[in-house]
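S.K.: The structure under discussion is supplied below as structure tokens; questions concerning it will follow.
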Amino acid sequence: MDFGAFKKKIDETFNLDLRSYKETQLHRRINSLMSRHKTADYLTYYRLLVQDPDVFKEFKDYLTINVTEFFRDPAMFRVLEEKVFPELLRNRMVLKIWSAACSNGAEPYSAAMILEELTPGRRHRIEATDIDEKVLQSAANGVYAADLLRNVSQARRAMHFREGNGCFVFSEQLKKRVAFKLHDLLKDPYGKGYDLIICRNVQIYFTRDAQDRINRLFNEALSPGGYLFVGSSETIFNYRELCFDKSYPCFYRKTGGGLSEGGSTIGAVR
Ligand SMILES: C[S@@+](CC[C@H](N)C(=O)[O-])C[C@H]1O[C@@H](n2cnc3c(N)ncnc32)[C@H](O)[C@@H]1O
């Protein structure tokens, strides 16, 4: 079995689209897992993945790099706070937001803090999704090590966190504003009518074809005038072709007039 056939078998058996991940990086990671299990060929490793749930879990964990932190890339979160949210809020009382590939929740909770400060008590609709059940569970728990809060000001720590046992527990009230769901960006249907989609630091792992496919789907999922917020190393060069304007670094605005009414949420996933 060659690497291509291995990826095909993984898709058929586990519904995981490895063909959309960049080949070199994926290859390196899988080869290192194979040597950890002393498996010399893809067929033996594939059989091991099928037989042993722990080996499969390790495989999936290895694939999903979960590195994140609150206000990752603070300058861009300042643009969100000072430019993008105020502009969106001029057109709409309640915003509909999707944090796609949200990891352990630090990203959607950062957006929730900013919105609570801009519009105290207002219940915006924030959906947050990831392919990895384990990170979604820790997002729901909302307990974080101090190093994930290095970009959180003392004022915000005091307002939105409770400190205990060397950890920081996120505000129960704001936690309830975010709905977490399992969702694979490469396989599952997308919702509609978002004012803002935050999808950062995951598309770098995907092939160019997959990136284009996802960005087109994001464009369809946004309301006219809605924003896509990407990672600093995820510049969309063909943004015009995908019907976006570039408003600020990392922010692409869907072209086509004012904001329309909100649509459906992300449907049932698997
Ligand atoms: C590096 S983290 C980025 C987290 C956050 N967006 C940020 O920028 O801090 C990448 C996340 O993408 C998720 N991921 C990887 N492949 C995915 C897919 N096909 N669909 C949805 N999420 C995926 C991983 O599980 C991981 O939590």
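S.K.: Consider Arg29 against the criteria (1) over 20 Å from Leu185 (Cβ atoms); (2) modelled with pLDDT under 95; (3) touching a Phe, Trp or Tyr at 6+ places or on another chain (Cβ under 6 Å); (4) not aromatic (Phe, Trp, Tyr): it satisfies all of them except one. Which criterion is unmet?
M.R.: Going through the list (1) over 20 Å from Leu185 (Cβ atoms); (2) modelled with pLDDT under 95; (3) touching a Phe, Trp or Tyr at 6+ places or on another chain (Cβ under 6 Å); (4) not aromatic (Phe, Trp, Tyr), Arg29 breaks only (1).
S.K.: Residues in the stretch 208-244 that are in a strand (DSSP E or B) and either more than 14 Å from the ligand (Cβ to nearest atom) or not aromatic (Phe, Trp, Tyr) (or both): how many? Write out each step before concluding.
M.R.: Quick first cut of the stretch 208-244, residues in a strand (DSSP E or B) only: 222-230, 244.
Now drop any that are not either more than 14 Å from the ligand (Cβ to nearest atom) or not aromatic (Phe, Trp, Tyr) (or both), which leaves 222-228, 230, 244.
Residues flagged as in a strand (DSSP E or B) and either more than 14 Å from the ligand (Cβ to nearest atom) or not aromatic (Phe, Trp, Tyr) (or both) within the stretch 208-244 amount to 9.
S.K.: May I pose another question? Are any residues in the stretch 14-70 farther than 26 Å from Asp209 by Cα and under 23 Å from the mean Cα position of the chain (by Cα), and if so, which ones?
M.R.: Across the stretch 14-70, the qualifying residues are Phe56, Lys57, Glu58, Glu69, Phe70.
S.K.: Which one of Ala139, Ala155 is over 14 Å from Phe170 (Cβ atoms), at pLDDT 95 or above and of a type in the set (Gly, Ala, Ser)? Please lay out each step first, then the result.
M.R.: Details: Ala139 fails: over 14 Å from Phe170 (Cβ atoms).
Every option except Ala155 fails the conditions.
S.K.: Let me ask something else about it. From the list Leu217, Leu174, Leu196, Leu182, exactly one residue is in contact (Cβ under 8 Å) with a residue 24 or more places away in the chain, surrounded by 19 or more Cβ atoms within 10 Å (Cβ to Cβ), assigned by TED's automatic domain parsing to the domain that holds Glu117 and under 16 Å from the mean Cα position of the chain (by Cα). Which is it? It would help to see each step written out before you state the result.
M.R.: Details: Leu217 fails: surrounded by 19 or more Cβ atoms within 10 Å (Cβ to Cβ); Leu174 fails: under 16 Å from the mean Cα position of the chain (by Cα); Leu182 fails: surrounded by 19 or more Cβ atoms within 10 Å (Cβ to Cβ).
Leu196 is the lone residue from the list that is in contact (Cβ under 8 Å) with a residue 24 or more places away in the chain, surrounded by 19 or more Cβ atoms within 10 Å (Cβ to Cβ), assigned by TED's automatic domain parsing to the domain that holds Glu117 and under 16 Å from the mean Cα position of the chain (by Cα).
The values are calculated or read from the model by the stated rules, or taken from the named source; none is laboratory data. Quick caveat, the model's predicted, so the values are computed rather than measured. Ideal geometry is used to build each Cβ from the backbone, glycine not excepted, and the neighbour counts take in all protein chains shown.
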